Each structure stands twice: as C-alpha cells, then as structure tokens.
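Beneath this line is the structure, given in structure tokens, with notes to follow.
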Amino acid sequence: MSNEQTQGRGAGLHDRFRGANADHPHHHGGPPTSGATAAGKYHSHSIPLDMEDIERDWDKPIQDAGIAAKASVIVRVGMLDLGAGTGSFRVREMMHRIAYPLGVHVRADVNLTDIEAACTDGSGRITEVVNLPTTGVNTERIWLLEHFADWFSVNLGTGSMYHRETKVSDGLMQHLDMRDASQVSADMAKRLREERHQTRVAERAAASDAAVEDHEAALAGNAADVAAATTGDAAMRSEDGAAPEVGETVIDALVKADGHGDGARGSAEQLAMPRTPRTRLRAAAGERTRAWRERSQHPPKNGYAKHFDHVGDGSAARKTHEITVRDVHRRLDMIERRKPLYSPALSGLASACACASFVFLLGGAPYDMIGAFVGAGLGQWLRRRLFAHHLNQFFVTFVCVAVAAFACVGTLRLIGLFNPVALQHDTAYIGAMLFVIPGFPLITGGLDMAKIDFPSGVQRVMYVMCIILMATLAGWMVASLVQLNPQGFEFSHLDPWVNGCLRALFAFIGVWGFSMMFNSPQRMCLVAATIGTITDTLRLEFVDCGLPPEAGAFLGAMLAGLLASAWRSAVRHRLLPPHLGYPRICLTVPSIVIMVPGMYMYQAMFHLGQFETLLALDWAFRAFMVIICLPIGLAMARVITDKSWRYDV
C-alpha cells in the first residue's frame, strides 16, 4: 500500500530553487567546500528554473505571466499529485485542468517518480523535468488538489471542473492553515444550505406579496397596474428612461451565474428575477449556454491555440478577481506542507485494526487476530517513525515486517503460557505483515496500463513487486528462525447469518483502518468503509457459493467502482452534501485493498524458500490471477460510467 503519508519536504518550488542556488559555493564569497558536500547541497529533484523569469512575474496576474511562471504552476501541481500516489493518467489530467485556463498547451510524460512536460502558449515554449525522491500515498492531498483546481479555474473565469459548489472550494483555499480541512468544507456546505433556505423563504414571501398585488389589481380593473406587476417596477428602467429588455437582463444574469456548464456558482445563490414567462427565459438561456459549450468543446481549426479564446476575456460575467503567481504558489506551499492528519501512534492503531479485520476475513481465529493486532500496530508505528527520517523504503519495509512478525509470534507465545492453544496459530504472523501490501500503486499501475500508459504502469508494478519481495523475504526469515510452519487459516464454522454480519463489521473496520493509513479525513474514511463493507461482504458470500476467487475479486472491484461513481454523481446532482464529493480513487482503492491476496503472495515466497517449487508456483499464480482482476474490475467500472475511459481520443 505504500502507506506513508508524503509530507512537504522543504519550502515549496520557488523557495526550494532559491535555496539550492544559494547553498552552492559559487554563490558565496567564502571558501569553497568539498566537492561531495557541494554536490549534495546543490542537488535538487528538479532542474532549477531561471528565477528571473518567475520573479519578474511574481506579483502579476497569473494570466498575464510569462510561460516560465505558468509552467512552474502546471508542473508543480502535477508533482504534488504524483507524490500523493495517484496514477499518471490522473496527474496528466490535473495538469491539463490547470493549463487550460492559462491558454497553455502541455504534453507530459509521467512515470512513477518523474514528470517531463513541454508547455507552450503559442509564443513561448519551455520544457521542465521534475522527479521525486520517493513515492507515497496521501489521499487528503489528492482531494485538496481537486478543490485547488476548481478554485483556480473559477477565478480565471472558466468555471468549476470537479465540484458544483465552488464556494466550498474557495473556502478550503482560504483556510488551508486549518488542521481539519474536512470540517472546513462541512462548515462551508452548512452555510450554503442556510443561505439557500433563507433565499427560498424570501422568494416565497415575495411571490406571495406579488400574488396579493396581482389579485388586488385585477379586482380594481387597473390594467396598468397588472402590466407593471408583470414586467417590474420603475427601478428596472435605464438612466435615459427607457425600459431595458427584461428577458435579456435575466438571461445575462443566468449565464453569469452558470459560468462554465457546471456553473461558476452552481445553485448556491438564487437570482431575484422579474416575473416573465418561464418558457421563453429557459429557451433563450438554453440557447446561450448551448452556444457557449459548442465554442468551448469544438474549437476552431484555423490558427494555433485559438481555442483558448477565454484567455484574456475581461468580461465581468467570466472573471471573478485576479490571482497572482504568488497567490497560487502560496496555496500550493500550504498544501505541500500540510502535516499528516494522524500521529504515528494513531496510524499504528488503524493498522492494527485493519490487519486484525483482514485476518478474520481470511478465516482467522481470535488468537490470530490478537497476534496480528499487536504485530501490525507496532510495525506501522515503527514504519512511520523511520519514514520521518527519510530512510530507504525497501530497508524500512524489511525491518518493520520483521519487527511485526516477531511481535506477533512473541504475543502468541506469551498467551501460550496461559493457554497452550495459542501456540498452534502459526499463520497469524502473516496477518501482521499485511500493512505493507502496496495496494495503491498496484491498482493505479493496472489503471495506467488500461489507459495504454505502459511505462508508468510497468514501473508501478515493478515497484510493487520489490516491496512484496522485501516483505515476504523478511517474513520467511522470521519463520525460519523461530521454526514456524504456516498452513493457512481454518475457516470458523459459524451460522451463515452471524458470519455474514461479522464479515460486514470487520470489512468496515478494515477499510476504515486502511483509509486512515492513506491519510484520509474521517468523513472520507467512513464513505470508503461503507463501500468496502458492501463490496467485500458480497465478494466473500459469492465465493462461499462456489464462485472462483478471481471472479469474486473482479465483481467486487467493479461494484466498488460503480458505487464510488454513483456517490460522486449524487454529490454533483445535490442529492448529497457538497463537502462529501471525494475523488473516486480515494474511495475505490481503500475499499478493495482488503481484497489483495497478501496471504497467497507470502505462501508463494515461503514455499519458494523451502524449495517447494510447484507449491510456490501454485500460490504465485493464484495471487497473480486475483491481482490482475482488481484493476480490471475498476477499469470496467470507469468504462461504464466515464466517457473519457469509454473512448480512445
């Protein structure tokens, strides 16, 4: 799962480049340092930009900045998204979302830890290469970057892209210093609901007053009063005394509020419109909106980059307020520097609950769950502490798995002093290792290959194999040292209804724990856990009925993808509160990571260490079949629900 939360390392793109140059000996007047020290200080994970190109535009509106400043924003957003663990297809999409309002064409080559992007706005061109020292998972950052993209686009006049209620995105970007960003979004959503309620009450009161006036005017037989009540009062007239076109005024207001299809403001603000025939208004507004969408979706063919006709449009209907290059990078700094939501101890507790639940779903007994709880909790706590010192991932994985396995075995041996039955649970230590399963890169690698992005997909799969190799090797060495002979878990013979209820409970706890390890806010954890409860319980019940485990994994993953898409669609259509609109990848991967066959993979390594080649190959192919079915199921759900996945364009 690569569960470590990627944290801000250093002071953002702008300050990091400045610091790298300042530390170089040629920028000092003092004595030179040794070559190795100087090279270490000068090295960064990005090719340093020409800072003059950015500094001269630092306080300019981002639309008016040069290509270097624009590219620094585009590539940095992609770098933050890639460092949060998402797939290359999503990183590329996010970079295009940022580039479009700026009038920049971007072509990016995205791999596991590096991005090479060529940006041009028709008059200038620049190529940037950035790479990350490591990879990790941070679902909160993925979510915040979506809101950043909406805030950025709305302020540049092109409308929202991910969320309808852009005031929620704006509120988040204004309160990035708050520890709990999820609570900020919930407070903004509550405020919007109150505003809409007050607006509806005021409209009803106005409509009631207007109806009373119409009735009195009709009784009095005053046709002039009736006409005035229908078309508006004298305040609607222009300065020269002529009454404006009521329909055109209302249509302009509607288009201004609608913005970019989804709406720059959505339905957060109701318009106080004069009373006029609704059918005429809707038809005219629909024609204007349809014409605007046709211009934006079908760009003219003549001329380079002419489909960016929105850039530089200063009309009040499409421009909120100017944001500078400094404003953008300041917010990206705050997103990058956000600390993990959970301490190492709390992350260890989440890991302990997740792995103990995983053991139950695999058929483990209470003693197996206790051993896995202690081992996984201690292993994840140590893992977080070691990652804080930026140690090598593979070294940390080996050490933490070994510690987790020893802790699990030691716990069961201690319990065995009082109850010898605990000594018979030799398989429990496998459950204590499951916190290191790299589920996120495994799933995103499969999705990348489904999008014909094989370089990134193959790199992610190779990374997954290396993590699994280090983990299983550590577990096999511990088993050899303490003379363990794992034979797998024996399924308990419980009543089917009781067993089904317990499966649902522990599936919920397991997905909730894995979501916390991915640094998800609590509301996101609960949504993912709800989806995981449904999908994993159904998967296990289908397998009990005779369905092959591979087919069960495929159906479970596809159902998780469909439920996540339905949840996001319900938020966009205002059937659910706007602050619950989370990226699909943040809901689907935690909900199906519990389906990854960690025990199969370990059994393959164990038998390989015993030179039982045929058994090792048998377990390895079982694991392989389940593993490939998980991303295929998610990809199938995306093809069903997303046109950008359905067609090759």
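Here, each number is a calculation from the coordinates, and none is a lab measurement. Keep in mind it's a predicted model, so treat the numbers as computed, not measured. Cβ placement follows ideal geometry from the backbone for every residue including glycine, while neighbour counts extend to all protein chains displayed.
Things to note:
- Trypsin sites (Lys or Arg not before Pro) restricted to the range 160-209 and DSSP loop, no more than 15 other C-beta within 10 Å: Arg179
- In Hz, Karplus ³J(HN,Hα) per residue of the range 445-461 (6.51, -1.76, 1.60; θ = phi - 60°; x = Gly, Pro): x, x, 5, 4, 5, 5, 8, 6, 9, 6, x, 5, x, 5, 4, 5, 5
- Coil-residue chymotrypsin sites (Phe, Trp or Tyr not before Pro) of the range 383-481, DSSP, other Cβ within 10 Å capped at 12: Phe418
- Extension gain for Gln610 to Ser208 (0.36 nm times residue separation, less C-alpha to C-alpha distance): 136.3 nm.
- Here each label is just a point 7 Å from Cα along the line to Cβ, and for Leu346 and Glu55 those points are 4.1 nm apart.
- Cα gyration tensor shape of the range 378-537, rounded if a/c is under 1.5, else prolate or oblate by comparing a/b with b/c: oblate
- Integer Hz, Karplus 6.51/-1.76/1.60 couplings in order for the range 426-431, x for Gly and Pro: 7, 8, 4, 5, 5, x
- Taking amide H atoms as placed 1.01 Å from N in the peptide plane, the amide H of Thr324 lies under 5 Å from those of Ile62, each 5 or more residues away in sequence or on another chain.
- Cα gyration tensor shape for the range 44-178, rounded if a/c is under 1.5, else prolate or oblate: oblate
- Residue-span extension gain [Leu526 to Asp177] - 0.36 nm each, minus C-alpha spacing: 123.3 nm
- Remark: spin-label model distance Trp497-Ile452 equals 5.3 nm, labels positioned 7 Å along the Cα→Cβ axis.
- Net +/- balance of residues flanking Val596 in space, Cβ distance below 15 Å, scoring K and R +1, D and E -1: +1
- Across the range 542-551, computed HN-Hα scalar couplings (Karplus, 6.51 cos²θ - 1.76 cosθ + 1.60, θ = phi - 60°) run 5, 5, 4, 7, x, 6, x, x, 5, 5 Hz from first to last residue, x flagging Gly and Pro.
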